[in-house]
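> One structure coming up, written as structure tokens, with questions to follow.
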Amino acid sequence: MELAFVIEKFVLITVVFVLTLLVAMYSTLAERKIAGFLQDRVGPNRAGPFGILQPLADGAKMFFKEEIIPTESNRFLFIAGPSLAILTACIGSAVIPWGQKLTFGDYVVDLQVTDINVGILYIFGVVSLGVYGVMIGGWASNNKFSLMGAIRAASQNISYEIPMGLSIIALLMVTGTLSLKEISEQQSGFVNWNIWYQPLGFLIFLICAFAETNRTPFDLPECETELVGGYHTEYSSMKLGFYLFAEYINMFVSSAVMATLYFGGYNFPFMYDLGLSENWITIIGVIMLFAKIFFFIFFFMWVRWTIPRFRYDQLMNLGWKVLIPLAIANIVLTGIVITVKDLL
Amino acid sequence: MLYLPDISNRMEVQSTPVNYLPIIFQILVALGFAVGTMVVTHMIGPKRRTAEKLTPFESGIEVIGNARQPFSIKYFLVAILFVLFDVEVIFMYPWAVNFRELGLDGMIQMFIFMGTLLLGFIYIIKKKALDWE
């Protein structure tokens with residue numbers, strides 16, 4: 001293993017990491033702006049032009065707040081909870097292909113942190129770990145509201161993981177690989193995007209993504225009207241910031257996963273017909289991927305300010321009695337269609 | 001018209017341990033960020049602790065008992081069912097990846113497996129294990 005490899009990867013990881021944090025920071029501003037727009041208000045507009053410095057002000061505020069660790073809580077787990085939440089949120093992006101190759105002279109840089117042949121399983125595993133941050137933090141607070149929020153979060157996340165896994169299985173039957181790089185390459189052009197083969201699978205995956213990121217209409221773990229603040233009732237300063245930040249990072253990563261799995265990733269229509277050089281195709285591809293991601297983030301916010309929250313039994317019924325049978329039906333349907341097509 | 005991607009002469013990609021190394025790097029960077037930020041906020045934030053402030057929040061009234069209490073058994077049931085179904089889902093991953101090489105036989109065998117799984121699922125629903133009051 002050469003030094004160049006290590007340096008290349010560290011530079012790439014740092015760039016991805018900074019981009020992730022920037023997107024998450026400005027998602028908080030975008031959310032408030034979009035909420036303002038949808039409710040016929042202005043939204044934050046005091047810090048800098050159009051409120052552009054608002055996320056920095058919010059971040060700085062988090063740093064200077066008093067840190068409160070309740071005496072009754074379990075001190076170690078209380079600190080471990082939010083740290084684990086932000087850690088799992090930040091490592092999910094390692095297998096997402098952000099673009100094709102960039103060539104500098106004779107040095108080729110792959111715009112993906114790593115291409116492992118179990119990419120989807122890795123993301124699935126990291127998403128499953130995400131529940132621990134919320135569960136540990138809520139339990140360690142030793143507060144009844146936090147406990148309720150934490151159990152709800154755990155129960156909701158594991159319930160929606162099953163239909164999510166099942167909807168990915170139908171996709172794998174089409175692609176025949178778990179590597180996200182290969183899945184992206186298969187979708188070159190526009191007619192090959194997986195959304196055309198798996199519309200139902202995408203719908204199930206989208207609903208599960210909302211539930212896994214605890215976004216409205218599935219934000220029961222932090223439902224203010226019943227549970228004060230849910231699992232983060234006792235948290236203050238940057239620990240609270242970590243929980244809120246982790247939610248936005250998760251939203252960014254799941255948008256990137258959806259764009260990669262179903263909407264062609266970095267591919268865009270007519271990418272090889274415009275007579276562009278390879279580097280330009282890569283750069284436009286990265287911009288296109290981010291355009292898709294931003295659209296999904298906007299969609300997350302649009303839904304949040306449009307649809308009211310579910311009741312808990314409705315949430316469980318939707319997960320277990322609607323999405324799981326639907327996902328299994330989708331697998332059966334996909335299986336029959338592919339087999340008939342291959343036999344003919 | 002839709003056509004399925006041609007995977008007949010696909011190169012089988014093998015991951016070596018080196019491919020997993022960048023994931024370790026990313027975990028290190030994320031861990032550094034989390035720990036660093038925690039330490040910095042701990043150092044620069046004000047500390048004015050009072051006994052009242054550090055009691056658990058209970059909407060302003062006196063705290064009654066603590067939160068180490070039993071909770072609804074339904075949550076436990078959901079957790080057990082999750083383990084059951086998630087293991088089934090994991091079984092299906094290798095099958096799904098090799099689906100087109102296995103052909104008709106593979107599909108029929110897996111459908112039988114899924115049928116038995118579905119029987120269990122119907123039993124759970126009939127037992128009202130997933131009904132919330």
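The values are calculated or read from the model by the stated rules, or taken from the named source; none is laboratory data. These numbers come from a predicted model, not from an experiment. Note that each Cβ is placed from the backbone with ideal geometry, even for glycine, and that neighbours are counted across all protein chains shown. For the accessible areas, the whole protein counts, side chains as well, though only heavy atoms, and no ligand, DNA or RNA atoms are used. Shrake-Rupley method; radii C 1.70, N 1.55, O 1.52, S 1.80 Å.
> Please report the buried accessible area for the interface of B with A, total over both chains, probe 1.4 Å, in Å² to the nearest 100.
Heavy-atom accessible area buried at this interface is about 7900 Å².
> With θ set to phi - 60° and the Karplus curve 6.51 cos²θ - 1.76 cosθ + 1.60, what are the ³J(HN,Hα) couplings of the range A:206-220 in order, to the nearest whole Hz, using x for Gly and Pro?
4, 4, 5, 4, 4, 5, 5, 8, 6, 8, 4, x, 10, 8, 4
> Would you mind checking the tilt of helix A:144-175 against the longest principal axis of the Cα atoms of chain A, expressed as 0 to 90 degrees and rounded to 10?
10 degrees
> At a cut-off of 30 Å², which residues of the range B:78-105 become less accessible once all protein chains are present than in their chain alone, using a 1.4 Å probe?
B:Val78, B:Phe82, B:Phe85, B:Asp86, B:Val89, B:Met92, B:Tyr93, B:Ala96, B:Val97, B:Phe99, B:Arg100, B:Leu104
> Take the solvent-accessible surface of the protein heavy atoms, probe 1.4 Å, and return the percent of it on the range B:19-126 that carbon and sulfur atoms account for.
73 percent
> For the range A:328-344, state which residues have at least 40 Å² less accessible area in the presence of all protein chains than in their chain by itself, taking the probe as 1.4 Å and leaving out ligands, DNA and RNA.
Going by heavy-atom accessible area, the residues of the range A:328-344 that drop by at least 40 Å² are A:Ile328, A:Ile338, A:Thr339, A:Lys341, A:Asp342.
> Just the accessible area per residue of the range A:178-331, please: how many Å² with a 1.4 Å probe?
35 Å²
> Can you list the HN-Hα couplings for the range A:3-17, worked out from phi with the Karplus curve (6.51, -1.76, 1.60; θ = phi - 60°), rounded to whole Hz and with x for Gly and Pro?
Each residue's phi maps through the Karplus curve to give 5, 4, 4, 5, 5, 4, 5, 5, 4, 4, 4, 5, 4, 4, 5 Hz.
> Within 10 Å, count the other beta carbons around each residue, average over each peptide in A:142-155, A:285-298, and list them highest first.
Final packing ranking: A:142-155, A:285-298.
> Using the beta-carbon distance between B:Ile24 and B:Asp86 and R0 = 30 Å, what value does 1/(1 + (r/R0)^6) give for FRET efficiency, to the nearest 0.05?
Computed FRET efficiency for B:Ile24 and B:Asp86 comes out at 0.70.
> Which residues does a label at A:Asp40 reach in the range A:295-318, if reach means a backbone N under 19 Å from a point 7 Å past the Cα toward the Cβ?
A:305-307
> Other chains near B:45-57: what is the mean number of their Cβ atoms within 10 Å of each residue's Cβ?
Counting other chains' Cβ atoms within 10 Å and averaging over B:45-57 gives 5.
> Once the Cα atoms of helix B:17-44 and of chain B are each reduced to a long axis, what angle between those two axes, in degrees from 0 to 90 to the nearest 10, is obtained?
20 degrees
> With +1 on each Lys and Arg Cβ and -1 on each Asp and Glu Cβ, and nothing else charged, work out how big the dipole of the range A:2-343 is about its Cα centre, in Debye to the nearest 20.
So the dipole magnitude of the range A:2-343 works out to roughly 740 debye.
> Counting heavy atoms of the protein chains only and a 1.4 Å probe, report the per residue accessible area for the range B:19-126 as a whole number of Å².
It amounts to 61 Å² per residue over the range B:19-126.
> Given a 1.4 angstrom probe, I'd like the percentage of the accessible area of chain A that is carbon and sulfur, rounded to a whole number.
Of all accessible area on chain A, carbon and sulfur atoms account for 72 percent.
> How would you classify the protein assembly as shown from its alpha-carbon gyration tensor, with a ≥ b ≥ c the square roots of the eigenvalues: rounded for a/c under 1.5, else prolate if a/b is greater than b/c, otherwise oblate?
In terms of gyration-tensor shape, oblate.
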